[in-house]
Every structure is written in structure tokens, then in C-alpha cells.
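Nothing in this text is a laboratory measurement; each read-out follows from the coordinates by a stated rule. Note that this is a predicted model, so its numbers are computed, not measured. Cβ atoms come from the backbone with ideal geometry, glycine included; neighbour counts cover every protein chain shown.
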Amino acid sequence: MRARTAVLVAVAVPVAVAAAAAVLEAGRWELYADRHRIHLTPVARRSCSDCRGAGGWWTGGANPEMEACGCWSNRRELRIRLLPLPATADEPPF
């Protein structure tokens, strides 16, 4: 029974990772993960007719600023906290 379960897990994990990578790429998300958090941020679409994948454009004037395109800036960032961050030595824990 354990051998069968191990084989199923060994097959299922790479398939799940490949499926998750395909979904992230299709939805234009960037993934960052470590043991404390999973962070998904939106990425500008290459097919956007306004910014053409640059993420925005520069507005003119004496002090030019970058104006973000709506293809990514109107989408939410997603954060999932996994483990608490360790307290630094010079700060009290509470």
C-alpha cells in the first residue's frame, strides 16, 4: 500500500507543478515562494495594445513619470503567509 501511494505522489507532484506553471503563465502572474510566504504579482501582457508589454508609458513634462497600464495595475497582488517571520534579536517578541 505504501509503495503504491509513493508512486502516485511521485507522479502527481510533477504533473501538478507543470499545470500550475501553465496557469500562471496564461494568467500572466509572477510567482515568488519561500518557506514564509507565497507571493503572486500580476505581470503586464505582451499583447496589450496600450503598453505592448512594457507595463506603462512615460508622461511628458519637466518631471516625467511612469503611468502604469491597466492590463496589470488594476489586478490584485495575492499573498499567502505560511510561517511566521522570525523575530530579530534586538526586538522583543511582543
Subject >> Net length gained if the chain between residue 18 and residue 66 were fully extended (0.36 nm per residue, minus Cα distance) >> reply: 13.8 nm
**OP:** Mind giving me the FRET efficiency for residue 10 and residue 47? R0 is 30 Å, r the Cβ-Cβ distance, nearest 0.05 is fine.
**Re:** 0.20
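Specify whether the C-alpha gyration tensor of the stretch 29-71 places it in the rounded, prolate or oblate class, a ≥ b ≥ c being the square roots of the eigenvalues: rounded for a/c under 1.5, otherwise prolate if a/b is larger than b/c and oblate if not.
oblate
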